[in-house]
1. Suppose every Lys and Arg Cβ carries +1 and every Asp and Glu Cβ carries -1, with no other charges. What dipole size does the chain come out with about its Cα centre, to the nearest 20 debye?
2. Report the percentage of all Cα-Cα pairs in the chain whose separation exceeds 18 Å, rounded to a whole percent.
3. Relative to the present Cα-Cα distance, how much length would full extension add between Asn35 and Leu18 at 0.36 nm per residue of separation?
4. With every protein chain left in place, what is the accessible area of Asp37 in Å² (1.4 Å probe, nearest 10)?
5. Could you tell me the center-to-center distance, by alpha carbons, between the stretch 1-34 and the stretch 38-54 in angstrom?
6. Holding the Cα-Cα limit at 32 Å, pick out from Lys56/Lys99; Lys3/Lys99; Lys16/Lys56; Lys71/Lys99; Lys56/Lys88 the pairs that are longer than that.
7. Give me the 1.4 Å probe accessible area per residue for the chain, excluding ligands and nucleic acids, in Å².
8. First measure r as the distance between the Cβ atoms of Ala74 and Ala28, then evaluate 1/(1 + (r/R0)^6) with R0 = 25 Å and state the FRET efficiency to the nearest 0.05.
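The values are calculated or read from the model by the stated rules, or taken from the named source; none is laboratory data. The model shown is predicted, which means the values in this text are computed figures rather than measured ones. Glycine gets a Cβ as well: all are built from the backbone with ideal geometry, and neighbour counts include every protein chain shown. Heads up: the accessible areas ignore ligands, DNA and RNA and are worked out on the full protein's heavy atoms, side chains in. Shrake-Rupley method; radii C 1.70, N 1.55, O 1.52, S 1.80 Å.
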Amino acid sequence: MIKLIKLLNKLNIKYKDLSLYERALTHASYGNEHNTDNNERLEFLGDAVLELLMSKYLYMNTNLPEGEMTKKRAQAVREEALVIYSEKINLKDYLKLGKGEE
């Protein structure tokens, strides 16, 4: 938990319920091996939140037409981009992965 708190503080994230962040960082493989909750349902919700935030950012900060904003949003939230973002904050150091995923 101390490691998780350090990450949240580093990212200036205020938290109330650390168990949600713990679950968000728990891969299904780890959850299955340890009979605990995993991040799959939160991932579904998080994907929608990322799209909404990026949509708002593009709408408020560019004068691009809708089609161009859609392309830019898709580029920013696709898996390859998310991997780059996660590498910048060393997210892999905080993930709980099962034996097969490590």
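1. Using Cβ point charges on Lys, Arg, Asp and Glu, the chain gives about 460 debye.
2. On the way: 2983 of 5151 pairs.
Of the Cα pairs, 58 percent sit more than 18 Å apart.
3. Going from the current span to full extension adds 4.3 nm.
4. Answer for Asp37: close to 100 Å² accessible.
5. About 15 Å separates the Cα centre of the stretch 1-34 from the one of the stretch 38-54.
6. Numbers: Lys56/Lys99 38 Å; Lys3/Lys99 20 Å; Lys16/Lys56 26 Å; Lys71/Lys99 36 Å; Lys56/Lys88 23 Å.
Going by Cα-Cα distance, Lys56/Lys99; Lys71/Lys99 fall outside the 32 Å limit.
7. 80
8. Once rounded, the FRET efficiency stands at 0.50.
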